[in-house]
Every structure is written in C-alpha cells, then in structure tokens.
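Asker: First the structure, which I've put down as structure tokens, then a few questions once you've had a look.
Derivation of every value follows stated rules applied to the coordinates shown; laboratory data play no part. Model, not experiment: these values are computed from the prediction. Ideal geometry is used to build each Cβ from the backbone, glycine not excepted, and the neighbour counts take in all protein chains shown.
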Amino acid sequence: MPFRATFAAELNRLAGTNVEVAFDNTIVDGTIAFASAGVLGLVQSTGGYTPTNQTTFIAINAIDFVRLLNV
C-alpha cells in the first residue's frame, strides 16, 4: 500500500483526536474530522486567518508533520 494511502488511513483512524498539523510554513491546532486518500479535514481550535470551529481542508501531500496533542 502506498504511503499516502497508509497515512490517510491512520489519520482517519485518529478522527476526533486533537492534533497539530504543519503544512506550507503554517501550523494549525485542531481536531481531525476525517481523512480520505487526498484530503484531511481539520476542525481548527486556534484562530489565525480562519475562525475557530471551522473545518479546514488540507491536502495530504502538503502535510509536513502531524503531532498528537492528547496522547
């Protein structure tokens, strides 16, 4: 199984988990809503340019790292 599909499956398994995601020189905190083969849905808990409690869609191939916050 390709890494991208394995990574997406693991992120989907972690739905409901609080995480920190880094991508494109940006770090956001939030809760994983879902992950598919190409997209991560993250409900943001920090502000920035996006209001809190809004779902942000992040391309899986743009993610630099994911840090679990409540483990």
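Asker: What relative contact order, as a whole-number percentage, does the chain give when Cα pairs under 8 Å and 6 or more residues apart are counted?
Answerer: Numbers: 144 pairs, mean separation 23.0, N = 71.
The value is 32 percent.
Asker: Report, largest value first, the span of the C-alpha coordinates of the chain along each principal axis, in whole Å.
Answerer: 36, 24, 18
Asker: Mind listing which chymotrypsin sites (Phe, Trp or Tyr not before Pro) in the chain are in a DSSP loop and have 13 or fewer other Cβ atoms within 10 Å?
Answerer: Numbers: sites: 3, 7, 23, 34, 49, 57, 65; in loops: 49.
Sites meeting the loop and neighbour criteria: 49.
Asker: Enter the Cα centre distance for the pair the range 1-44 and the range 57-71, rounded to the nearest angstrom.
Answerer: Measuring centre to centre over Cα atoms gives 5 Å.
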